[in-house]
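Here's the structure, in structure tokens; my notes come after.
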Amino acid sequence: MRKIVIAGNWKMNKTVAESVKLAGEVVAAARDIKHVVVAIAPTHLALAKVAEVVKGSNVKLAAQDVHWENQGAFTGKVSADMLKEIGVEYVIIGHSEQRSYFGETDETVNKKVRKVLSLAMKPIVCIGETLTERKEGRLESVLTTQVNGAYAGLSADDALSTVIAYEPVWAIGTGVTASDDEAQEAHAFVRGLLAKLYGDSVAQSISIQYGGSMKPENAAGLLAQKDIDGGLIGGAALKADSFLGIIAPGEALSK
Ligand code: PEP
């Protein structure tokens, strides 16, 4: 039975002090959540302090990115060992902002995924099409290339330790959400891709999050879809009450 995984991607928001405060609020809000996996991804700068706040709680620590090399002359980057050392369990990889602003490719996504898995952390592999790609009828080919690229060379056991975030780029931070049906259709397609790579039983065990302007008002409808297993949340994760407003329907559906 796959889990509902709801992760807050704080992006480049919150100072360290603000991150510690918000993390404490999320820990308190999620105290009674037993079925949903809840994770928060502050900036790299705030990770170590937030690690202290979430320790012993049911909130997991996530990072927003990683480099695939162990160490060396990679100015501005952090390694997977550094993340592991402070208690990071999930790493967001291939976010559309990384792809569009910072040159992330399917190849670098694959390198990062392999490195994270080698240290027993879980990659959250982000995929999704732009509006132009959708309008031109290229949704399926884009998702196929991204999934095949990210999972290249991964065993079924590796794949079982991953989470996918399907995030239509046109819905991220725009306030426009994919309809329940549009999202379900894309998720089912992605699960089909995983089935082609690893068989149906593995594909049925991998959680596929939806991301793109998910909020308390639309969370229940999206999470009720057969192939939607959680959310990667940007804006609505920056306040504990709206984040909980997404987690709570997930918890109700998981009971
Ligand atoms: C995201 O950054 O992954 C995201 C989905 O952002 P938002 O919820 O703000 O659209």
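The values are calculated or read from the model by the stated rules, or taken from the named source; none is laboratory data. As the structure is a computational prediction, the values presented were derived from the model and not from experiment. Positions of Cβ are backbone-derived with ideal geometry, glycine not excepted, and every protein chain shown enters the neighbour counts. Protein only, heavy atoms only, side chains kept; ligands, DNA and RNA dropped before computing areas. Shrake-Rupley method; radii C 1.70, N 1.55, O 1.52, S 1.80 Å.
Worth pointing out:
- Condition met for VAL53 (open to solvent by 20 Å² or more (accessible area, probe 1.4 Å) and touching a Ser or Thr at 6+ places or on another chain (Cβ under 6 Å)): no
- Considering residues of region 218-248 that are of a type in the set (Gly, Ala, Ser) and in contact with a Ser or Thr (Cβ under 9 Å, 6 or more places away or on another chain) only, the residue nearest to VAL5 (Cα to Cα): GLY230
- Residue check: MET12 meets all listed conditions (1) away from the ligand (no atom under 16 Å from the Cβ); (2) open to solvent by 70 Å² or more (accessible area, probe 1.4 Å); (3) within 17 Å of the chain's Cα centre (by Cα) but one, namely (1).
- Scanning region 94-108 finds one or more residues that are open to solvent by 70 Å² or more (accessible area, probe 1.4 Å), without any contact (Cβ under 8 Å) to a residue 60 or more places away in the chain and away from the ligand (no atom under 16 Å from the Cβ).
- Filter result for the condition that a residue is among the basic types (Lys, Arg) and in contact with a helix residue (DSSP H, G or I) (Cβ under 7 Å, 6 or more places away or on another chain), over LYS55, LYS77, LYS49: LYS49
- Complete set of residues in region 173-190 that are farther than 12 Å from ASN218 by Cβ and surrounded by 21 or more Cβ atoms within 10 Å (Cβ to Cβ): ALA186, HIS187, VAL190
- Of the residues making up region 137-150, one or more are open to solvent by less than 40 Å² (accessible area, probe 1.4 Å), touching a residue at least 12 places away in the same chain (Cβ under 8 Å), within 24 Å of LEU61 (Cβ to Cβ) and not basic (Lys, Arg).
- Selection count where residues are in contact with a helix residue (DSSP H, G or I) (Cβ under 6 Å, 6 or more places away or on another chain) and more than 19 Å from ALA41 (Cα to Cα), scope region 223-247: 4
- Single unsatisfied condition, LEU131 versus (1) within 16 Å of the ligand (Cβ to nearest atom); (2) surrounded by fewer than 19 Cβ atoms within 10 Å (Cβ to Cβ); (3) under 29 Å from THR75 (Cα atoms): (3)
- Any pair with Cβ under 9 angstrom, 6 or more apart, that starts in region 164-188 at a residue that is more than 21 Å from ASN9 (Cα to Cα) and ends at one that is among the polar types (S, T, N, Q) and open to solvent by 10 Å² or more (accessible area, probe 1.4 Å): ASP180/ASN218; ASP180/GLN225; ASP181/GLN225; GLN184/GLN225; ALA188/GLN225
- One residue from SER155, SER242 being more than 27 Å from GLU136 (Cα to Cα) and free of Cβ contacts under 8 Å to residues at least 12 places away in the same chain: SER155
- Selection status of VAL125, open to solvent by less than 70 Å² (accessible area, probe 1.4 Å), aliphatic (A, V, I, L, M) and assigned to a strand (DSSP E or B): yes
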